[in-house]
Ligand code: PLP
């Protein structure tokens, strides 16, 4: 397996294959067409006894794995929050695996730690976050939110949850809108806050947190004996990309002395566009914040940027240093293992660094600006077609809409929209996903792929209109 000649030969061939895949990926069906168990059935049930040639293994990647993939790098990928990998980041992943450093301590790879510090500071500057915010890379926004809320719990005076646990202690309560991502609730489950410890606050007609309801809920909970400790505001909610009024939420948090965490997992990246910096208004007052370059900054999964104004609290929540991890530099250089759950940490900073350098701030901003324009173009087409309706504001690159199903009951119209979605997704040209708003089925077209152009959005719209014809036949 240390046959470096075969590595050279297959490596060259693989890079060519990757380039062809990226060039021609749109000829593949975006959504995998395999049935459950089909890929597994094509693979040997037991491992090989003898070594196999790289050539044979890579042939199976093409024969078995590729047909079983949903192609996130396809420019017709419009589901969830679409994300994509730019070539510099693909090369960075190869380098990261080549170096295979573990960025747990400064000493275990000084360059990995220091590049992480620098590149997260670059991203902070590019998005207009204030100086002094400390950044650390986590694997996902779910982990970043867990870290932020664990720090919030650590900051509760006199609780000492880290040492004493929560049994027999004050009941903690945290708040997020009814549009917040499930990772907030999951963090509550992990941290012992419990699902009852999350109070979901209602939203206005534009799906933004109702700040008066938040303030009233905190007051009411205090009176009832709860200990409010954290609010998660969402900048770019998952269903509609709504943006909570962070400045007003920050006022409530300051008055009530509770931690403000901001989930900007999707929308944070858009703040690299100068005219979209307003998105993060108020976030300079956040105690912690997450944005995911692996969602909308063309960096492959996984890379989540976690920022905090209070790194000492995050460290107090997580740092646990056994003798074998002690180093003489710990007082002068950060050890990133102190700011999260994992000890071992991949060298993720490399891919963000390479993407920022290869695109430049302007190049990244131009791509995101174009995605926002394309969303407005698509919204215009939907709005002009009386058979359809747009059902939420489109501040960024996601359009929520549905086929009206005039004359049908609500249930039948919902079912028709589900069929339209299935039909579009079966076409192989586009992949969209759905959500529920006000109890009704809604289709989402989410633009975010670095290779998506207007012709791909046009093709998706053609497929949607075709599907209406098919469903109503
Ligand atoms: N927060 C928001 C607003 C999201 O939309 C998502 C995922 O789409 C997440 C958090 C979770 O992201 P991750 O997959 O990085 O955990």
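Data for the structure
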item	result
Selection within segment 459-473 - more than 17 Å from residue 29 (Cα to Cα) and in a helix (DSSP H, G or I)	465, 466, 468, 469, 470, 471
Residue 185, sole failed condition from (1) within 20 Å of the chain's Cα centre (by Cα); (2) part of a strand (DSSP E or B)	(2)
Residues of segment 108-134 classified as loosely packed, with under 15 Cβ neighbours inside 10 Å and touching a helix residue (DSSP H, G or I) at 6+ places or on another chain (Cβ under 6 Å), total	1
Filter result (more than 16 Å from the ligand (Cβ to nearest atom) and either closer than 12 Å to residue 306 by Cα or in a helix (DSSP H, G or I) (or both)) within segment 264-295	272, 274, 275, 276, 277, 278, 284, 285, 287
Verdict on residue 214 being more than 25 Å from residue 270 (Cα to Cα), surrounded by 18 or more Cβ atoms within 10 Å (Cβ to Cβ) and within 16 Å of the ligand (Cβ to nearest atom)	no
Some residue of segment 54-69 being outside the structural domain of residue 367 (by TED's automatic domain parsing), at pLDDT 95 or above, surrounded by 15 or more Cβ atoms within 10 Å (Cβ to Cβ) and not in a helix (DSSP H, G or I)	yes
Flag if residue 377 is over 26 Å from residue 259 (Cα atoms), buried (at least 19 other Cβ atoms within 10 Å of the Cβ) and either outside the structural domain of residue 462 (by TED's automatic domain parsing) or away from the ligand (no atom under 16 Å from the Cβ) (or both)	no
From 202, 188, residue being surrounded by fewer than 16 Cβ atoms within 10 Å (Cβ to Cβ) and more than 23 Å from residue 83 (Cα to Cα)	202
Residue within segment 134-142 that is within 23 Å of residue 287 (Cβ to Cβ), in a helix (DSSP H, G or I) and within 16 Å of the ligand (Cβ to nearest atom) present	yes
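So that you can scan it fast, the table gives a plain yes or no per residue for (1) within 16 Å of the ligand (Cβ to nearest atom); (2) touching a residue at least 24 places away in the same chain (Cβ under 8 Å); (3) surrounded by fewer than 18 Cβ atoms within 10 Å (Cβ to Cβ):
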| position | (1), (2), (3) |
| --- | --- |
| 302 | yes, yes, yes |
| 312 | no, no, yes |
| 322 | no, no, yes |
| 334 | no, yes, no |
| 341 | yes, yes, yes |
| 347 | no, yes, no |
| 355 | no, yes, no |
| 365 | no, yes, no |
| 395 | yes, yes, no |
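The values are calculated or read from the model by the stated rules, or taken from the named source; none is laboratory data. Predicted model, so just to flag it, every value in this text is computed and none were measured. FYI the Cβ positions are ideal-geometry reconstructions off the backbone, even for glycines, and counts take in every protein chain you see.
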